[in-house]
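In what follows, a structure is listed as C-alpha cells, so that the remarks can point back to it.
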Amino acid sequence: MVGRIGKLVVVATAVSCAACFALPFAAPDADPRVFVALILVWSATSSALRAPPIVLIGRHAPKSSQPFLAALLLFGTGIAGAASPYLAATLAK
C-alpha cells in the first residue's frame, strides 16, 4: 500500500508545501490570477492529504474505536486551525 500511494502522498505534500510557502511572496507583487491559482492548488492538495488518515482508521482500527479515533483526528485538525492565526502573527514579526 505504501509503495502504491507513498510517492503520490510525497508529491502532494511537496506541492502543498510549495504553494503554501509561495502565497506570501505572490500576494503583494504577482498577478491576482497567480495568487488565486496558488490558493486553489494549496487547498486541493491539503484536502487530499486529509483523506488517507480517515481511510486508514476505517480499514485498520477496530469498529469500536473508530468514532474515538475520528474524533481525535478532527480535534487535532481543529487545534491546528485554531492555532494558525497565532502562528501566522508570530511568524510575521
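What the table below lists for this structure:
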| quantity | calculated |
| --- | --- |
| In degrees, nearest ten, helix 66-92 long axis to first principal axis of the chain (Cα) | 20 degrees |
| Length released on extending from A51 to F75, taking residue separation times 0.36 nm less the Cα-Cα span | 7.1 nm |
| Heavy-atom accessible surface of the chain: percent carbon and sulfur, 1.4 Å | 77 percent |
| Angle in degrees between helix 32-60 and the longest Cα principal axis of the chain, rounded to the nearest 10 | 10 degrees |
| Relative contact order (%) - the chain, alpha-carbon pairs under 8 angstrom, separation at least six | 24 percent |
| Average accessible surface area per residue within the chain, 1.4 Å rolling probe, Å² | 75 Å² |
| The chain, Rg to Rh (Cα coordinates; Rh as Kirkwood inverse mean 1/r) | 1.06 |
| In nm, spacing of pseudo-spin labels at K63 and L40 (7 Å Cα→C-beta vector) | 4.3 nm |
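The values are calculated or read from the model by the stated rules, or taken from the named source; none is laboratory data. These numbers were taken from a predicted model, which means no experiment stands behind them. For neighbour counting, all protein chains shown are included, and Cβ atoms are generated from backbone atoms with ideal geometry for every residue, glycine included. Quick note on the areas: whole protein, heavy atoms, side chains included, nothing else; ligands and nucleic acids left out. Shrake-Rupley method; radii C 1.70, N 1.55, O 1.52, S 1.80 Å.
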